Every structure is written in C-alpha cells, then in structure tokens.
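The values are calculated or read from the model by the stated rules, or taken from the named source; none is laboratory data. These numbers come from a predicted model, not from an experiment. Positions of Cβ are generated from backbone atoms using ideal geometry, with glycine treated the same way; all protein chains shown enter the neighbour counts.
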Amino acid sequence: MRDTVIFDFGGVITSSPFEAFARMERERGLPQDMIRRINATDPDTNAWARFERAEIDAAGFDADFAEEARALGHEVRGEDVLALLSGDIRPRMVHALDWLKRNGYHLGCITNNVPAGDGAGMSRTAEKAALVAEVLERFDHVIESSKVGVRKPDPKIYRMMLDTLGKAADQCVYLDDLGINCKPAATLGMTAIKVESEGQALDDLSRVLGVMPGSF
C-alpha cells in the first residue's frame, strides 16, 4: 500500500528556478538554457554540484561558476544565479500536503539546495524564509543536500529518507521536476512522478494513490 509521499521542493512545492533562469537569459541576451547547460557539464564535480554538497561556500561558488560561464564565452557570476533560486510557493501543493496529512499519509521532502540565503528554500528575505519554514513543518522529515553532503540523483539520499521514515520503497510515491532525479527513485521501487506542472502532478498523484480526482 502506498502510504508515503516524498516531494522535491524547488520546482514542485515552489515554482521552478528554471523559469527565473530563462528570464535572466532573455534579459541579458544569453543563449537559451545556458545556466542549465553549465550546471549539467561535469554534473558531479562542477561548482553547482560541489555547492549543493556544501563543499564550497558562496564566495567559492560565485568565482567557480563565473569561470565555468567564461569558458563558454559569457560573463555570469554565481551570485547572479543564487539570487534566482528561491521560487514562489504553490498554494495547491500546500493544500495537497494538508490533505495528505489529514488522511494519514506520511510526508517526506528531499531537496538539493545550497548553503546560501535563508533556510531550506534559500530565501532572500526573512519573510519568505518564514513562509517556507511553515510549509516544511508539514513534513515528517526533510533532507537537505547541503546539510548531509549528498545530492540527488545519488541513490544514497533516497535510501536515507526510506530508512528515516521506516518505509519500503514500494510504499512511496516520489515527485520531482527533473527526470534524472526521478530515475533512481523508480529504480529503488518508488512510484515516480515527473512534475511538468502543478495540475498535472496533482492529477498523477491522485491517480497513483487511488483517490478521487480533485481531492487536492
């Protein structure tokens, strides 16, 4: 029986930072998806990956990301990217969390984040950090890559959640906006949902849980 739902945070509970990346690229006349391309190059050792594992600090990320961008012929500082990370909370997702909690489901959150900004949502203001903290209180357990030194898609971080919740993988549904992060969850035996939009994700979640559409 699937009685546990594990969520990514950015791009699932909040709007995707990719939207902000695309906006900055348009405004600066940069190539489309340039920031994502930098972050996908040498994906386990680049500045982004090392920052999500807290192996470098914000100043180190600022410099190293700028160097990676410069190698592609563009000037973008890491600090410019950090300012775009904190998305807006999606009310329907929060409503779904509350419904799941009321109906006895266990909730987990696995988020790749960096030791910058305020709190797990990397917020740039205290007000936004407080709103994010209020949402995170709904989860039974939250794992942040920057605190545990492991980041998705490393299977270890998913196993950490299963062990902490005391759940088998086939009891769990996992939601993430990146297919690369859904794959290890599915390989472990979770039911994985790739989040393309808020409505699609909640429709898929109601279907796999066998609850009435529109419950969330």
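Points worth noting:
- For region 162-216, filtering for residues that are in a helix (DSSP H, G or I) and β-branched (Val, Ile, Thr) leaves 4.
- For region 118-135, the set of residues classified as modelled with pLDDT under 95, of a type outside the set (D, E, K, R) and part of a helix (DSSP H, G or I) consists of ALA126, ALA129, ALA130, LEU131, VAL132, ALA133, listed by residue number.
To keep it simple, each residue is scored yes or no on (1) in contact with a Phe, Trp or Tyr (Cβ under 9 Å, 6 or more places away or on another chain); (2) closer than 22 Å to ARG138 by Cα; (3) part of a loop (DSSP other than H, G, I, E, B); (4) not assigned by TED's automatic domain parsing to the domain that holds ASN112.
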{"site": "MET24", "(1), (2), (3), (4)": "no, no, no, yes"}
{"site": "GLU27", "(1), (2), (3), (4)": "no, no, no, yes"}
{"site": "GLN32", "(1), (2), (3), (4)": "no, no, yes, yes"}
{"site": "ARG37", "(1), (2), (3), (4)": "no, no, no, yes"}
{"site": "PRO43", "(1), (2), (3), (4)": "no, no, yes, yes"}
{"site": "TRP48", "(1), (2), (3), (4)": "yes, no, no, yes"}
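- Residue under evaluation ARG151, criteria (1) within 24 Å of GLY60 (Cβ to Cβ); (2) assigned to a strand (DSSP E or B), criterion not met: (2)
- For region 1-59, the set of residues classified as within 27 Å of THR191 (Cβ to Cβ) and among the charged types (D, E, K, R) consists of ARG2, ASP3, ASP8, GLU19, ARG36, ASP44, GLU52, listed by residue number.
- Taken together, the criteria place ALA133 among residues that are in the same structural domain as GLY199 (by TED's automatic domain parsing) and out of contact with any strand residue (DSSP E or B) (no Cβ under 7 Å at 6 or more places or on another chain).
- Number of the condition not met by ILE13 [criteria: (1) surrounded by 20 or more Cβ atoms within 10 Å (Cβ to Cβ); (2) free of Cβ contacts under 8 Å to residues at least 12 places away in the same chain; (3) aliphatic (A, V, I, L, M)]: (2)
- Every residue from region 50-87 that is surrounded by 19 or more Cβ atoms within 10 Å (Cβ to Cβ) and within 20 Å of GLU19 (Cβ to Cβ): GLU52, PHE65, ALA69, VAL76, GLY78, VAL81, LEU82, LEU85, SER86, GLY87
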